[in-house]
Structure formats: structure tokens, C-alpha cells
Amino acid sequence: MCRLLAYLGSPVSLEHLLYKPEHSLIVQGYKPREMTSGVVNADGFGVGWYHSQKDMEPFTYKNTLPIWNDINLPSLSRYIESKCVLAYVRSATSEQTVDFANCQPFKHQQQLFIHNGRIENFHKTLHRKIRSTLTQDFYEKINGNTDSEHIFALLLSQSQINKHRPPEYALRTTLLTLLEMAKRYQVEASINVIFSDGHRLIASRFATTSPAPSLYWIRDDPTFSNSVIIASEPLFIGNWNAFPENSIITVGADCEIQIEKI
């Protein structure tokens, strides 16, 4: 199970977000508290962020090293500020290789995407079924072999098919499609995702069987004023709220929060 982190709000340095909290994403890499499988998140990491002034495609920085072993990230983090950041540390499942193609966040144009969870026996069960439902555009853009990237491709396909509907609809349709597939193949799936266009965050806490992997949000903490943070585990002591199981949360540009049950 990976650990996720997303931020939307006033400009913040990556250092302040990634390193300063007492239970930061760096700490969660080697000392997670709420993982349901695995021990550490040492199979790579990634950070994606948007320019604070310009409306342009997001930037990403990835590595297959454990996040605490990357010698460049601390220096980069001191000089990068953003209003919207997505980051994760990875604990790879046995059938998925540790390479750059499998590092998140995944990106398509303005979209960044991260996933925590897994599809049980993915390559023996839902791999081919998911690929058969993808639109041609996104079928051809899969570079790695993870269930995470296939979920993103399915989400993008649903967004393309339902282009006149809001992105929450595409996410809901994606989750219900995966639920139906998982039931048919009698496998378990957990699908905590966060994606963004730089102006808002949309996230899910979802699993075919309870409990779903942990996911929390906090708004306007004094340390991070005028912001919302979403994380697999609380980064610091504060008024953190657990996502309801099987729900979608939307964080708007004004940091207003809407929660929808699936």
C-alpha cells in the first residue's frame, strides 16, 4: 500500500509540505502507521505540482529510490512553491516492477493522478478486462504494468466518453465499473485515488470490501492556512477528518469541500 498526499490552497514550498510535519510523507515512507499490507514504502516516489502563476501543464519529479535516499529532493523542495501538489511514496506489489514507468503521479495534459490500493491478482484477473473497455487514445498511452495506471486510463476514458459531465461523474463511473468487474472475477479491489487539474482536487476512498485504506482531510489548519490537505495518514496533530468509506470528495478552488457517497 502506498501513501498519498495532496494539497490545494495558498502557495506553499514543497519543503514545508513534504519535510516539516512530524509525520511527513518522508516519515511515512519508512514508518507508516496505517498500512494494511507491506511494512515500508521504499519502492520509489513521485511529486507533481502546478505553476503558481501560469496555467500550464504540471511538473513531476520521480525516482525509483526510497524518498529518504534521494539527495536532490531536499534542495529542490526549498525552491519550489505551488498552490497544488500531489505526492506519493510507493510500496510495490510483487507482480509490479520498480521502474520509472510505474512511478506516480501519472500525467495527462493538465491532469495529475495518484492511487493507493490494489486489485487482487491484477494481471490474472482484471488486466485484460480493463484494457478491453478503454478508448483507443488511452489504451495506447499505458507505459507501465501497474493496476494504478490502468485505473487512470479507465478514468480518462470515462472522462472522454462523458465529456459533458463533471469529472466526479467519470470517477464514480470508473469505481462502479471496477466494482462490477471485481465481483465478476471474485477478487478484492481498493481504490483510493486523488486527481487534479491544478484548480481543484477530486479524491475517493473506495474498496470492494471493508475497511477501505485510510484517507483523511483537513482544512485551514493554522500551519497551512487557506488550504485543504488530503493524506493517507495525518501529517501532524490537528482536526483531521476521516473520509467516509466509499465516498468521493471534491475540493474547489475556494477550498470548499463536497462529499458524495457512492
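Just so it is clear, none of the values below were taken in a lab; they were calculated from the coordinates. Keep in mind it's a predicted model, so treat the numbers as computed, not measured. Here the Cβ positions follow ideal geometry from the backbone for every residue, glycine too, while neighbour counts run over all protein chains shown.
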Distance from region 6-41 to region 42-118 (C-alpha centre basis), Å: 12 Å
Qualifying GluC sites (Glu not before Pro) in region 1-71, DSSP loop, other Cβ atoms within 10 Å at most 10: GLU22
Under the Debye formula (equal points on every Cα, no solvent term), log10 I(q)/I(0) of the chain at q = 0.16 Å⁻¹: -1.23
Long-range HN-HN contacts of LEU4 with modeled amide H, under 5 Å: SER232, GLU233
Estimated dipole of region 79-224 in Debye, rounded to 20 [Cβ of Lys and Arg +1, of Asp and Glu -1, Cα centre]: 400 debye
In region 152-254, trypsin sites (Lys or Arg not before Pro) in a DSSP loop with at most 10 other beta-carbon atoms within 10 Å: LYS163
Local net charge near GLN28, Cβ-Cβ under 10 Å (Lys/Arg +1, Asp/Glu -1): +1
Of PRO105, GLY44, THR125, farthest towards positive along the dipole that unit charges on Lys, Arg, Asp, Glu beta carbons give region 1-146: THR125
Charge tally in the Cβ shell below 13 Å around LYS141, where Lys, Arg are +1 and Asp, Glu are -1, LYS141 excluded: -1
Near-label residues of region 145-162 by backbone N, under 17 Å of a point 7 Å along Cα→Cβ of ARG184: 151, 154-155, 158
Straight-distance crosslink candidates among lysines, where the alpha carbon sits under 22 Å from LYS129 and sequence neighbours closer than 8 are dropped: LYS141, LYS183
Net charge dipole size for the chain [Lys, Arg +1 and Asp, Glu -1 on Cβ; Debye, nearest 20]: 460 debye
Cα-based equivalent ellipsoid of region 50-156: semi-axis lengths in Å, sorted from largest, via gyration tensor: 27, 19, 9
Rounded to the nearest 20 debye, dipole of region 207-262 from Cβ charges on Lys, Arg, Asp, Glu: 120 debye
